[in-house]
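Asker: Below you will find the structure I want to go over with you.
The values are calculated or read from the model by the stated rules, or taken from the named source; none is laboratory data. Everything numeric here is computed off the predicted structure, so don't read it as measured data. Here Cβ is always computed from backbone atoms with ideal geometry, including for glycine, and neighbour counts include all displayed protein chains.
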Amino acid sequence: MASEFPRHLLDIESLRREQIEEVLGLAGRFKRERAAARAGKARAPRHQILPGRIVVTLFFEASTRTRSSFEVAAHALGAEVLSFQKDASSVTKGESLQDTVRNLEAIGADVLVVRHPAAGAPRAIARAVRASVINAGDGAHEHPTQALLDALTLREKLGTLEGKVISIVGDIAHSRVARSNVHCLSKLGSRVRVAGPSTLLPAGVEKLGCEVARTLPDALRDADAVMMLRIQQERIADARIPGTRDYARVWGLSARTLELLPPRAVVLHPGPVNRGVELSSEVMDGERSLVMDQVDSGVAVRMATLALCLGAA
Ligand code: NCD
């Protein structure tokens, strides 16, 4: 199949709906294949979709799920993985980002999977190299593969995203997950609603094409799904909330506030979860939580993204 998929995945904002559908279609196939292998207690098939290709994961910020799932995904496609460790690299000796990525390319990198605290860093890298660049989260800008894995998880659960009400609750202002999800879910036909303390809502957020709810009950009422977000303390210089206990009482999802959500609605969280703050343990581990399913979708979405960006799908 001749794919028009872009060589770089830098954001969701510039993707067309058909391109998002293409990722979700391919990822859905990979996810079913992994589930079938698990059910049969066999190993998931190791594809030879990217034989001999070198995928470099280049993370300048902490990560548990994103880095490991990109690496598992690359292995599953037959690629080789090089895990770049910032603190053990020449970045600590003053080497620039541009020089670092040019050197990794000279070593043979075909794809650079980049997480960086500065918004726009993956785009700057894409201008400096011929390799494909995949944004694994840049500052408060975007986290495209997170939104794609959320969309896959939700679509499987809800059947379709068309016309569904998806509420995103928490620190919208500093969240790249929120931004990517607003773009992705709107392009797929959902009504996206954001909610959180007014100090954590970006000015003019409606311009992104979403509704704004001023209270948790307003966010939950008639929602088909709610996505709870962590407060991004590392991106906040001043105190925007009185304290985490107060935040949990007003904005947290607990057994009590879960009652406000329609009975069939589901709960998502990109992780890392601060238990007892945005989600109580009961909700996090409860039957309406899709948190682990999101992680499972993450491997499949990253397999699809790697294959499509390299024109191998
Ligand atoms: C998110 C991130 O890094 O943006 N985590 C993730 O990739 N699953 C969300 C967060 O850090 O809160």
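Asker: If I filter the stretch 172-195 down to residues being crowded, with 20+ Cβ neighbours inside 10 Å and charged (D, E, K, R), which single residue comes out as nearest to residue 32 (Cα to Cα)?
Answerer: Selected residue: 187.
Asker: Report, by residue number, each residue of the stretch 245-268 that is more than 14 Å from residue 196 (Cβ to Cβ), within 16 Å of the ligand (Cβ to nearest atom) and out of contact with any Lys or Arg (no Cβ under 6 Å at 6 or more places or on another chain).
Answerer: 268
Asker: Can I ask one more? Scan 304, 203, 255, 313 and give me the residue that is out of contact with any helix residue (DSSP H, G or I) (no Cβ under 8 Å at 6 or more places or on another chain) and among the aliphatic types (A, V, I, L, M).
Answerer: On the way: 304 fails: out of contact with any helix residue (DSSP H, G or I) (no Cβ under 8 Å at 6 or more places or on another chain); 255 fails: out of contact with any helix residue (DSSP H, G or I) (no Cβ under 8 Å at 6 or more places or on another chain); 313 fails: out of contact with any helix residue (DSSP H, G or I) (no Cβ under 8 Å at 6 or more places or on another chain).
Of the residues listed, the single one that is out of contact with any helix residue (DSSP H, G or I) (no Cβ under 8 Å at 6 or more places or on another chain) and among the aliphatic types (A, V, I, L, M) is 203.
Asker: Hey, another quick one. Take the residues of the stretch 137-149 that are in contact with a Pro (Cβ under 8 Å, 6 or more places away or on another chain) and not in a loop (DSSP other than H, G, I, E, B): which is nearest to the ligand (Cβ to nearest atom)?
Answerer: 146
Asker: Residue 224 passes all but one of (1) over 22 Å from residue 119 (Cα atoms); (2) within 14 Å of the ligand (Cβ to nearest atom); which number fails?
Answerer: Of everything listed in (1) over 22 Å from residue 119 (Cα atoms); (2) within 14 Å of the ligand (Cβ to nearest atom), residue 224 misses just condition (2).
Asker: Which condition breaks for residue 125 when tested against (1) within 16 Å of the ligand (Cβ to nearest atom); (2) closer than 21 Å to residue 5 by Cβ; (3) among the β-branched types (Val, Ile, Thr)?
Answerer: Looking at each condition in turn, residue 125 falls short on (1).
Asker: While we're here: Could you say whether any residue in the stretch 135-142 is farther than 26 Å from residue 102 by Cα and not hydroxyl-bearing (Ser, Thr, Tyr)?
Answerer: From the stretch 135-142, those farther than 26 Å from residue 102 by Cα are none; that's our starting set.
No, every residue in the stretch 135-142 fails to be farther than 26 Å from residue 102 by Cα and not hydroxyl-bearing (Ser, Thr, Tyr).
Asker: crowded, with 17+ Cβ neighbours inside 10 Å, within 15 Å of the ligand (Cβ to nearest atom) and under 30 Å from residue 279 (Cβ atoms): which single residue out of 165, 169 fits that description? Working first, answer last.
Answerer: Numbers: 165 fails: within 15 Å of the ligand (Cβ to nearest atom).
Being crowded, with 17+ Cβ neighbours inside 10 Å, within 15 Å of the ligand (Cβ to nearest atom) and under 30 Å from residue 279 (Cβ atoms) holds for just one of 165, 169, which is 169.
Asker: Being within 14 Å of the ligand (Cβ to nearest atom) and at pLDDT 95 or above, is that true of even one residue in the stretch 186-193?
Answerer: The initial filter retains those residues of the stretch 186-193 that are within 14 Å of the ligand (Cβ to nearest atom), namely none.
No: the stretch 186-193 contains no residue that is within 14 Å of the ligand (Cβ to nearest atom) and at pLDDT 95 or above.
Okay, residues lined up against (1) of a type in the set (A, V, I, L, M, F, W, C); (2) over 15 Å from the mean Cα position of the chain (by Cα):
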| site | (1), (2) |
| --- | --- |
| 116 | no, no |
| 133 | yes, yes |
| 136 | yes, no |
| 139 | no, no |
| 146 | no, no |
| 153 | no, no |
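Asker: Criterion first (in contact with a helix residue (DSSP H, G or I) (Cβ under 9 Å, 6 or more places away or on another chain), surrounded by fewer than 19 Cβ atoms within 10 Å (Cβ to Cβ) and under 30 Å from residue 89 (Cα atoms)) does residue 61 satisfy it?
Answerer: Working: in contact with a helix residue (DSSP H, G or I) (Cβ under 9 Å, 6 or more places away or on another chain): yes; surrounded by fewer than 19 Cβ atoms within 10 Å (Cβ to Cβ): yes; under 30 Å from residue 89 (Cα atoms): yes.
Considered against the rule, which asks whether it is in contact with a helix residue (DSSP H, G or I) (Cβ under 9 Å, 6 or more places away or on another chain), surrounded by fewer than 19 Cβ atoms within 10 Å (Cβ to Cβ) and under 30 Å from residue 89 (Cα atoms), residue 61 comes out as yes.
Asker: A follow-up question, please. Can you work out which of the residues in the stretch 69-86 that are among the small types (Gly, Ala, Ser) and surrounded by 16 or more Cβ atoms within 10 Å (Cβ to Cβ) is nearest to the ligand (Cβ to nearest atom)? Reasoning before the result, please.
Answerer: The initial filter retains those residues of the stretch 69-86 that are among the small types (Gly, Ala, Ser), namely 69, 73-74, 76, 78-79, 83.
Okay, now just the ones that are also surrounded by 16 or more Cβ atoms within 10 Å (Cβ to Cβ), so 69, 73-74, 76, 79.
Values: 69: 9, 73: 14, 74: 17, 76: 19, 79: 21 Å.
Residue satisfying both the conditions and the ranking: 69.
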